[in-house]
Amino acid sequence: MNPAGSGLVGLGEIRAAAVRLERVAVRTPLIPVARLEPPLLVKPESLQPTGSFKLRGAYAAITAREQAARERGVVAHSSGNHGHAVAYAAARLGVQAVVVVPRTAPKVKTDAIEYYGAELVRVEPTLAARVAATGDLVARHGYVLIPPFDDPAVIAGQGTVGLEIADDCPQVDLVLVPVSGGGLISGIAAAIRACRPGAAVVGVEPELAADARESVRRGERVSWPAAEVQRTVADALRVEQIGVLPFAHIRELVAGIVTVTDEEMLAAVRLLANQARLVAEPGGAAAVAAWLYRRPELPAATTPVAVLSGGNIDPDLLAAVLADR
């Protein structure tokens, strides 16, 4: 798996990232969901200090460029969770950070970014606007760019999630992973397919932002209009186009991509709170929603694991979801 020259992130890179992440990222447990049949194990990346898996990739990427980052500072663009992670990691490392976010980013995420001392730059809610603003900041100030998903060091960091699943659950035969820009599923698939080649990795995205599924079906990266992907309640999954490097990983290592509705993700948020005592944001609960509502579309499995990718949900939305019985 991942032969030399393939261009894909390999197990050695993921293991190296894991060393750098020791005592920084939480080794999240695998938690069974009570009263759920067939059974499901959940890996709650919501328990990370920043509330999402993004800490792994952000810290791995900054430390891979640490000397330049310390000298020049870092910049990142994000729908919220990556920016929070970059701000946290930069603060731990004593590095200046600037984060570009859409003006629609949830307050719970932008407040966290500012809490850790990063400068916040707000732009229109499109990937193009975020990329353009970030490029301008790099050109003017020389900041080191920390991409949200299309970067080998970021993918290697996210791959530590898969490494832990493989180590903690050797019998795993299916891993369900939320998909946005594709960094998380790329890293997890690289680790799982190397360590547990008999296991399938399947991506899950909102049906209102299903660019990755369409890209796989067409065999080329497809971009969805920003106005369309903004419709989903899953703000963490509102990327219009999957990354170049993640798409290569998905085509090579991922068994398929399924979609879920906003209502199904919100139902999964409620179930996780009530039956697993876990807080999830809508996009973070997408993989659990797929197990609940899309099982006929998934590979057969006796030991499935769903990655709960983040728990940075707006408190008012969480209250409304829990009140809707």
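The values are calculated or read from the model by the stated rules, or taken from the named source; none is laboratory data. It should be emphasised that the depicted structure is a prediction, and the values quoted were computed from it without experimental measurement. Positions of Cβ are backbone-derived with ideal geometry, glycine not excepted, and every protein chain shown enters the neighbour counts. The accessibility values were calculated without ligands, DNA or RNA, using every heavy atom of the protein model including side chains. Shrake-Rupley method; radii C 1.70, N 1.55, O 1.52, S 1.80 Å.
Computed over the chain with a Gaussian network model linking Cα atoms closer than 10 Å, the most mobile of E45, E114, E37 is E37. Phi angles of segment 191-204 translate, via the Karplus equation with coefficients 6.51, -1.76, 1.60 and θ = phi - 60°, into HN-Hα couplings of 6, 5, 5, 7, 8, 9, x, x, 8, 9, 10, 10, x, 9 Hz per residue; Gly and Pro are given as x.
This structure gives Cα extents along the principal axes in Å, computed directly, and of (i) 99, 55, 44; (ii) 54, 48, 40; (iii) 67, 38, 33 that value is listed as (ii).
Determine the shape class of segment 102-172: with a ≥ b ≥ c the square roots of the Cα gyration tensor eigenvalues, call it rounded for a/c under 1.5, and otherwise prolate if a/b is greater than b/c, oblate otherwise. Cα axes put segment 102-172 in the prolate bin.
Among C169, C195, the order of accessible area from largest down is C195, C169, computed with a 1.4 Å probe on protein heavy atoms. Electrostatic bookkeeping for Y116 treats Lys and Arg as +1 and Asp and Glu as -1; over the other residues with beta carbon under 14 Å from its beta carbon, the sum is 0.
Can you send over the carbon and sulfur percentage of the accessible area for the chain, probe radius 1.4 Å, protein chains only? Ligands and nucleic acids excluded, carbon and sulfur give 51 percent. Specify whether the C-alpha gyration tensor of segment 51-96 places it in the rounded, prolate or oblate class, a ≥ b ≥ c being the square roots of the eigenvalues: rounded for a/c under 1.5, otherwise prolate if a/b is larger than b/c and oblate if not. Prolate, since a/c reaches 1.5 and a/b exceeds b/c. Convex hull volume of the C-alpha atoms in segment 20-119, normalised per residue: 111 Å³. Is segment 165-283 best put as rounded, prolate or oblate by its Cα gyration tensor, with a ≥ b ≥ c the root eigenvalues, rounded for a/c under 1.5, and otherwise prolate when a/b is larger than b/c, oblate when not? Cα axes put segment 165-283 in the oblate bin. Counting only DSSP H runs of at least 4 residues, each contributing -39500 (n - 2.57), and dividing by the residue count of the chain, the helix-based mean residue ellipticity at 222 nm comes to -13500 deg cm²/dmol.
Ranked from largest to smallest solvent-accessible area, with a 1.4 Å probe on the protein heavy atoms, T261, T104 come out as T104, T261.
Reachable lysines from K43, Cα under 16 Å, same-chain residues fewer than 8 places away excluded? List returned: K54. Residues H84, H141, ordered by accessible area of protein heavy atoms at a 1.4 angstrom probe radius and largest first, appear as H141, H84. Considering only alpha-carbon pairs that sit under 8 angstrom and 6 or more positions apart, the relative contact order computed for the chain is 21 percent. Under a GNM of the chain (C-alpha, springs under 10 Å), which listed residue has the highest mean-square fluctuation: A199, A61, A255? The residue with the greatest mean-square fluctuation here is A255.
Give me the distance between the Cα centres of segment 166-180 and segment 278-314, rounded to whole Å. Using only Cα atoms, the two centres lie 11 Å from each other. Accessible surface computed residue by residue for the chain, with neighbouring protein chains in place and a 1.4 Å probe, gives 38 Å² per residue.
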